[in-house]
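The values are calculated or read from the model by the stated rules, or taken from the named source; none is laboratory data. Not measured: the values here are computed from a predicted model. A quick note on method: Cβ atoms are made from the backbone with ideal geometry, for glycine too, and the neighbour counts reach across all protein chains shown.
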4 protein chains.
Amino acid sequence: MLRVGVVGTGMIGQDHIRRMTTVLAGVEVAAVTDVDAETAKRVAEGLPGAVVHGTGEELIADPGVDAVVVCSWGPTHEQYVLASIAAGKPVFCEKPLATTEGACRRIVEAEVAHGSRLVQVGYMRRYDEAYRALKAVVDSGRIGAPLMMHCAHRNASVPAHYEKEMAITDTAVHEIDMVRWMFGEEITATRVLVPRRSRNGGALQDPLILVLETASGAIVDVEISVNIRYGYDIRGEVVGEEGTAALGELTPVTLRASRQLVSPIPADWRERFRRAYDVELQEWVDSIAGGGRPVGPSAWDGYAAAVVSDASVAALRGGSRVEVTLMPRPDLYADAA
Amino acid sequence: MLRVGVVGTGMIGQDHIRRMTTVLAGVEVAAVTDVDAETAKRVAEGLPGAVVHGTGEELIADPGVDAVVVCSWGPTHEQYVLASIAAGKPVFCEKPLATTEGACRRIVEAEVAHGSRLVQVGYMRRYDEAYRALKAVVDSGRIGAPLMMHCAHRNASVPAHYEKEMAITDTAVHEIDMVRWMFGEEITATRVLVPRRSRNGGALQDPLILVLETASGAIVDVEISVNIRYGYDIRGEVVGEEGTAALGELTPVTLRASRQLVSPIPADWRERFRRAYDVELQEWVDSIAGGGRPVGPSAWDGYAAAVVSDASVAALRGGSRVEVTLMPRPDLYADAA
Amino acid sequence: MLRVGVVGTGMIGQDHIRRMTTVLAGVEVAAVTDVDAETAKRVAEGLPGAVVHGTGEELIADPGVDAVVVCSWGPTHEQYVLASIAAGKPVFCEKPLATTEGACRRIVEAEVAHGSRLVQVGYMRRYDEAYRALKAVVDSGRIGAPLMMHCAHRNASVPAHYEKEMAITDTAVHEIDMVRWMFGEEITATRVLVPRRSRNGGALQDPLILVLETASGAIVDVEISVNIRYGYDIRGEVVGEEGTAALGELTPVTLRASRQLVSPIPADWRERFRRAYDVELQEWVDSIAGGGRPVGPSAWDGYAAAVVSDASVAALRGGSRVEVTLMPRPDLYADAA
Amino acid sequence: MLRVGVVGTGMIGQDHIRRMTTVLAGVEVAAVTDVDAETAKRVAEGLPGAVVHGTGEELIADPGVDAVVVCSWGPTHEQYVLASIAAGKPVFCEKPLATTEGACRRIVEAEVAHGSRLVQVGYMRRYDEAYRALKAVVDSGRIGAPLMMHCAHRNASVPAHYEKEMAITDTAVHEIDMVRWMFGEEITATRVLVPRRSRNGGALQDPLILVLETASGAIVDVEISVNIRYGYDIRGEVVGEEGTAALGELTPVTLRASRQLVSPIPADWRERFRRAYDVELQEWVDSIAGGGRPVGPSAWDGYAAAVVSDASVAALRGGSRVEVTLMPRPDLYADAA
């Protein structure tokens, strides 16, 4: 039984605790902490045997904690991930790995210094059944070499605190990671096209189109529409030399009524990706139980996504194509992406 | 942590053990037994702390066993389920509940005498996402009262030991249970239509069409094709007064290649219903953990399915419509489908 | 330019006149007649050069008429078709060929006596792109021998004058002809299942399920729902030994809005089968222009559909399986069905 | 009966002649001409009563010709269209209207001087059932204002003489016209993205992505893949403020075989757009029969498409965004696009 300590017991922290407690096998929540001590205490009450720590560092140091899940506020990710590496404990860090390129780089360097992988970043698209099926078809060679990918990332709406650049840093970043993984290579340039504004977007520039280029020259367009009202919709089609492969419609039921054949569309990401979160965390637990190494998205993946995301924000501001420059990839991450 | 004892460690028993050990939360396998002691021993080796018992009765009596999962050969189900009831322990019994109507009836009577539900039968269609979505639409009233249902149950092939009547007792029995649950009422009559034989069916009468009638007069046709080669395909459309609702295509990926738009079809039931088995057992664990009662398919459901199945076999032999007669339904099962 | 005379200028007659005048190539309407002389006159006013005749017989005898289209009231079909045969002129007769088995038989006998095909019956499903594609797949052998077919024929509603048996004689008769053509063999038995009634059906027994058996033993189930409100929906899936082939969704546009992925469903048969009517009549014109013989549904097809339809009505009344007995098939129709 | 003269009896000319002779109503081919007199003569042999002219100008002057169809080599379009205008005869000109912006402008000016519409250009997408259904949904306002459109234009392969810029001038030009019509406004800027090359494209830069901007700021991306092997595939999705609308799959039949659910994909544009050509020409015939004016794509549409196409070629060569500048739109075309 893997004993996990959770740093940050806000909404996503509580969701991961629920998952580890009632959905997953082979894991238990042994300790929690939160900047708001009251919240941490209240969450711990539902967890028999769980300890409440005053700080993340204390929790990480607790010998009763085998591995760490970081769900705290983004700017604090760096310190908890670094502390986990220092303690030699596997750490699952919700995205983003860190909020600046420099912080990501420090994590990469710390992990390289440690000498083996400890860090996994929470990019859960890689665990979605449909994306995995899509990648399997692409990797099979049945469509020839992949030349392009068309993506759409649509939200029914976004909360009031959602700001302009979050369309890239918070929303498109999922596609940024997914594209690196799908094509198995780095993104080398980015550009942002700005269509006519939706009246539903308020002060936001909504929608946007991201245009990414990969090392082999593939081009990926990503529509980002975050107030499209009709539902949550994630689409992707990889175009190869001899065919294309696309995310399917995961339609559990179809309805014929009122002159329409209808398939329901999810309301939000929870509905669409619930299982992907479950699989993500179960595979993480399974990979590190018994002293193994994580095999999911690495610190390098977190770093690379951050750099592409920053470059895309620059492209949005500047209006033109921006090249992406990464530090040399350490050997530790030779298999990554 | 619910401690489960497994009676029968053959293929399906081992699959449930794997599930409880590596997929589900809140459960552990505490004891196993099998008519083949060697198999039981070998399976137990992979289960730290699990006890091997010489008989099912010993396992059921073990104070370290909170609940029982019966995966043994069909004809032995009755004895282990009755023993579990006698011991006052929740028991999950793989389908069929028992192999004769009389045996099912004895289980119902024993459970009624016990005074509360202990038995759950392994009809896992009720846990499938698509069937649940279908039932939700039907129950919502959006298609009006349900008048008909068109079903197909297709297997790519069946093993050599599969005999004529298994098309009903082993295959169509899933639809028999599903229809009772979907319409929320009993099946009152059955008939079997015999089309031209498939050359792939060998000595079998393959395919068959079952025609079921429910208490309200709804008619359900069920195509049973067990050697259709192209894959495993489960379909269902409920036709109501104002619309219809159908199982959707759960298509994770679509491929455009070689002049075709292609969606993959599952090879077998494992691929199609894997998640349904997971959900079924997790919900069973959750319902009985802490002394609760099972809420899934009951002994009554197992009994009713057996009676309809027997009547359908009689209809196949006799060639005409056969009415279904059930014993009066005990109050204990007032809520049952 | 083929000069056609139209007997019967009611709704369907006017529609065929519009078709021949504004849609089809190589044909013109040279003469019209109707039991209501005023209607015929008014229709002729829009047709430069068209003659109005007092009776169908006069029209048929008119040397300026090369071929006849019969759109009059069903009970009068026999006399106009027989008169056309007597005149040696090709005649396109809207379905049904005639309203009694005896009348159909007399037409068959007259045509056999004439010695070559002159009669075509208006079963237009055979001209529908989707049915043709379906038959092409079945005939290709890709699904093995066809063993079953599942059909549904759904109308949003039917007019007030629609009576009980019209569900068979007017509605299901399209499937009766289609099945003979699809399987290339005669229907040998029929039975009607009667589900729970729809509250939308008034005094009608609605829906019904027809169960047809073909000469080779294939079984075809046909759901007939004529007040299903949601739209006009025609479905069909042929189940073979190694696969199935089904009518596709002819979806010109899909809409994502209000949490739904929506494909529109036609309101009625005009919308669904408009093109099939065009193709039907164009191919008829093309086949007989220059003295050729019609190749579409023959008098034999009209006769056989009538016999199966009568047997189905008997099955509906009697509640049991009714065998279908046809007269020996004349050599003239060796290729039919 | 409209009497049409056809200038150019090559492949597409012969196809239009076949269409007017055997498919359409109310039209006949009265005269033909071709730069290769032998071809024209041979084609005329199959056309009873058709005259062969030595030149296009003679044909246009023939009083037995009511309207002209121009199917000759692109560089000759200007002269025949201008001659038709000079003769005051309606002229249907296959795309492109002319091969240079200057030539298009001269046609526009000649038609404006004439004072009423005579010219229609052969952009047949506007007559396709699916595009029309798509535009109807967009115009209905159900998706809110259109902000983006995602298109793909894929050919299985292109002939040997297909050169680099034809991907724009010959292929994408269909989308250029369609976008102007779909959005009801002019294209104001264009840019071309160049992905990794397909090994199937030989010396071509294949694929390309065109990025068009419209007057209201909508952005349209158009994937052009002309050697994608798997078939001919035309796709389009308009993204609005509250929903999206997309071209549907016009699937006449679906096949379940070999572990796949399969919908066929057309081999080429003939199969996909055959009906659109029929409708296009029938509507043209209907609009001008009896002295009416054409209502299809105008000389202005032909001019605008040429300017956007030229700008896109410049963008491909130069690598950056190119603005599109049109001459002021004459009142004659106030309703256009």
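A few comments on the model shown:
- Residue list for region A:185-200, restricted to those being more than 13 Å from A:Asp310 (Cα to Cα) and either among the polar types (S, T, N, Q) or in contact with a strand residue (DSSP E or B) (Cβ under 9 Å, 6 or more places away or on another chain) (or both): A:Glu185, A:Glu186, A:Leu193, A:Val194, A:Pro195, A:Arg196, A:Arg197, A:Ser198, A:Asn200
- Any chance B:Arg125 is buried (at least 17 other Cβ atoms within 10 Å of the Cβ) and at pLDDT 95 or above: yes
- Residue in region D:316-334 that is among the hydroxyl-bearing types (Ser, Thr, Tyr), in contact (Cβ under 8 Å) with a residue 24 or more places away in the chain and assigned to a helix (DSSP H, G or I) present: yes
- Residue within region A:259-274 that is assigned to a loop (DSSP other than H, G, I, E, B), touching a Gly at 6+ places or on another chain (Cβ under 9 Å), surrounded by fewer than 21 Cβ atoms within 10 Å (Cβ to Cβ) and not charged (D, E, K, R) present: yes
- Complete set of residues in region A:161-213 that are among the polar types (S, T, N, Q) and within 12 Å of another protein chain (Cβ to nearest Cβ): A:Thr188, A:Ser198, A:Asn200, A:Gln205
- Counted as qualifying within region B:1-66 are the helices (runs of 4 or more DSSP H) with 1 or more residues that are in contact (Cβ under 8 Å) with a residue 60 or more places away in the chain, buried (at least 19 other Cβ atoms within 10 Å of the Cβ) and within 22 Å of the chain's Cα centre (by Cα), namely B:11-22.
- Considering residues of region A:303-337 that are at pLDDT below 95 and touching a Phe, Trp or Tyr at 6+ places or on another chain (Cβ under 7 Å) only, the residue farthest from A:Val119 (Cα to Cα): A:Ala337
- Residues that are out of contact with any Gly (no Cβ under 9 Å at 6 or more places or on another chain) and within 30 Å of B:Ala156 (Cβ to Cβ), drawn from region C:223-244: C:Glu223, C:Asp233, C:Ile234, C:Arg235, C:Gly236, C:Glu237, C:Val238, C:Val239, C:Thr244
- Residue check, D:Val253 within 11 Å of chain C (Cβ to nearest Cβ), under 18 Å from the mean Cα position of the chain (by Cα) and β-branched (Val, Ile, Thr): no
- Test for D:Glu237: is it within 14 Å of chain C (Cβ to nearest Cβ), out of contact with any Asp or Glu (no Cβ under 8 Å at 6 or more places or on another chain) and buried (at least 19 other Cβ atoms within 10 Å of the Cβ): yes
- In region B:149-171, the residues that are farther than 25 Å from B:Gly217 by Cα form Cβ pairs under 9 Å with partners that are of a type in the set (Ser, Thr, Tyr) and part of a strand (DSSP E or B), at six or more places apart or across chains, as follows: B:Arg154/B:Ser225; B:Arg154/C:Thr244; B:Asn155/B:Ser225.
To keep it simple, each residue is scored yes or no on (1) within 15 Å of D:Leu255 (Cβ to Cβ); (2) of a type in the set (D, E, K, R); (3) in contact with a Ser or Thr (Cβ under 7 Å, 6 or more places away or on another chain); (4) not assigned by TED's automatic domain parsing to the domain that holds C:Thr251.
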site	(1), (2), (3), (4)
C:Ala113	no, no, no, yes
C:Ser116	no, no, no, yes
C:Ala133	yes, no, no, no
C:Ala136	yes, no, no, no
C:Ile143	yes, no, yes, no
C:Met148	no, no, no, no
C:Cys151	no, no, no, no
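- Test set (1) surrounded by fewer than 21 Cβ atoms within 10 Å (Cβ to Cβ); (2) more than 13 Å from chain B (Cβ to nearest Cβ); (3) β-branched (Val, Ile, Thr) - A:Val279 fails condition number: (2)
- Any hit, region D:259-282, residues being touching a Lys or Arg at 6+ places or on another chain (Cβ under 8 Å), β-branched (Val, Ile, Thr) and free of Cβ contacts under 8 Å to residues at least 12 places away in the same chain: yes
- Residue within region A:90-97 that is part of a helix (DSSP H, G or I) and surrounded by fewer than 24 Cβ atoms within 10 Å (Cβ to Cβ) present: no
- Summed over region B:293-303, the residues that are of a type outside the set (Val, Ile, Thr) and assigned to a loop (DSSP other than H, G, I, E, B) give a count of 5.
- One residue stands out in region D:214-234 among those that are hydroxyl-bearing (Ser, Thr, Tyr) and closer than 25 Å to B:Ser258 by Cα: the one that is nearest to the other protein chains (Cβ to nearest Cβ), namely D:Tyr230.
- Positions within region A:179-228 being touching a residue at least 60 places away in the same chain (Cβ under 8 Å) and of a type in the set (D, E, K, R), in sequence order: A:Arg180, A:Glu185, A:Glu186, A:Arg191, A:Asp221, A:Glu223
- Apart from one condition, B:Gly115 fits all of (1) free of Cβ contacts under 8 Å to residues at least 60 places away in the same chain; (2) over 20 Å from the mean Cα position of the chain (by Cα); the exception is (1).
- Among residues of region C:126-145, those that are within 13 Å of chain D (Cβ to nearest Cβ) and under 24 Å from C:Ala306 (Cα atoms), counted: 5
- Residue check for D:Gly102: modelled with pLDDT under 95 and not aromatic (Phe, Trp, Tyr): no
- Which listed residue is in a helix (DSSP H, G or I), within 14 Å of chain D (Cβ to nearest Cβ) and under 29 Å from C:Arg329 (Cα atoms), from C:Ala306, C:Ala289, C:Ala311: C:Ala289
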